[in-house]
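Read the structure below first, then the notes.
The values are calculated or read from the model by the stated rules, or taken from the named source; none is laboratory data. Here the structure is a predicted model, which is why all the values come from computation and not from measurement. Note that each Cβ is placed from the backbone with ideal geometry, even for glycine, and that neighbours are counted across all protein chains shown.
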Amino acid sequence: MTIQKVGVAGCGIMGSGIAQVAALSGYDVIVREVNKTLLDTGLDKLKISLSKAVDKEKIAQQDMEDALGRIHDTLNLEEFSDCDLVIEAIVEDLDAKKELFASLEDICSGSTIFASNTSSLTISKIAESSDKTGRFVGLHFFNPVIQMPLVEVVKSSETDEDVFDTAYEFAEDLGKKPIACKDETGFVVNRLLVPFLLDAIRSLESGIASITDIDKGMHLGAGHPMGPFTLLDYVGLDTTHHIANIMYEEFGEERFAPPKLLTKLVENEMYGKKSGRGFYEYTGEKPVPVEL
């Protein structure tokens, strides 16, 4: 199977990043959003990201111009009709994903590969309303897509072998380092990472150490590039809370249950870096730990 044209459903942080790396790798890309405001915002971020890569001499000016020439935008799902691969990067909601793929099933050809960038939902659940379950695969990229080398390639019990192989080779062609994952909630990284992050919050709740000392401890003692609270703020406390709830509902294990402090912060709209306040406050030149 050959991938030439890639559709990306969603032009948020993840969708725009996926579109960017695919275009830089020589693929024709069409990216779709539900309204022009979201589409323009995503494309602006994509262009800024490419410009920064040029400024840092990671890519040439011509590479940026060629990539932008390969990216086409639309508000119309029908534009995906001739795509060889469609990657979904919309909200982490099962019903929304199933609705999108149900529409795409009537639009795309029988050979189109349907991939989800889900970080926590299983591919089998996303595909269960489809008659083409063998065409579904997981392609879970990590944020920021342009920098993070890992892609989790997820094969459900229904995924055709050639579909999985093609998706894996596609990830490699993007310059990524794919790993093969079983289709279970959280896959590899979040299955291990989420309990770690939640335990850091519980350690803070119990008064073991401060935010900065826990971060410093895991950075210097375990060799992590950043501490758990810095990472939580970067990922988004609301995102982590949502993923933890999905995993807790799936496995029923207390290690996946969101701690009370995390729930409180989310209820107070303290989402981390994107809201300006989480475990740290981001109003000054440097992040400052919040008094909790």
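Per-structure values
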{"quantity": "Out of GLY17, GLY42, sole residue that is farther than 22 Å from SER129 by Cβ, touching a Cys at 6+ places or on another chain (Cβ under 7 Å) and not assigned by TED's automatic domain parsing to the domain that holds GLU250", "calculated": "GLY42"}
{"quantity": "Qualifying residue in the range 266-280 (condition: touching a Ser or Thr at 6+ places or on another chain (Cβ under 7 Å) and assigned to a loop (DSSP other than H, G, I, E, B))", "calculated": "yes"}
{"quantity": "Members of the range 258-272 found to be surrounded by fewer than 19 Cβ atoms within 10 Å (Cβ to Cβ) and either of a type outside the set (Asp, Glu) or in contact with an Asp or Glu (Cβ under 7 Å, 6 or more places away or on another chain) (or both), listed by number", "calculated": "LYS260, LEU261, THR263, LYS264, ASN268"}
{"quantity": "The range 1-57, residues that are in contact with a strand residue (DSSP E or B) (Cβ under 7 Å, 6 or more places away or on another chain) and modelled with pLDDT under 95", "calculated": "none"}
{"quantity": "Residues located in the range 55-111, provided they are closer than 17 Å to ILE3 by Cα and either among the acidic types (Asp, Glu) or in a loop (DSSP other than H, G, I, E, B) (or both)", "calculated": "GLU79, SER81, ASP82, CYS83, ASP84, GLU88, CYS108, SER109, GLY110, SER111"}
{"quantity": "In the range 135-192, residue nearest to the chain's Cα centre (by Cα) [restricted to those that are surrounded by 18 or more Cβ atoms within 10 Å (Cβ to Cβ) and among the basic types (Lys, Arg)]", "calculated": "LYS176"}
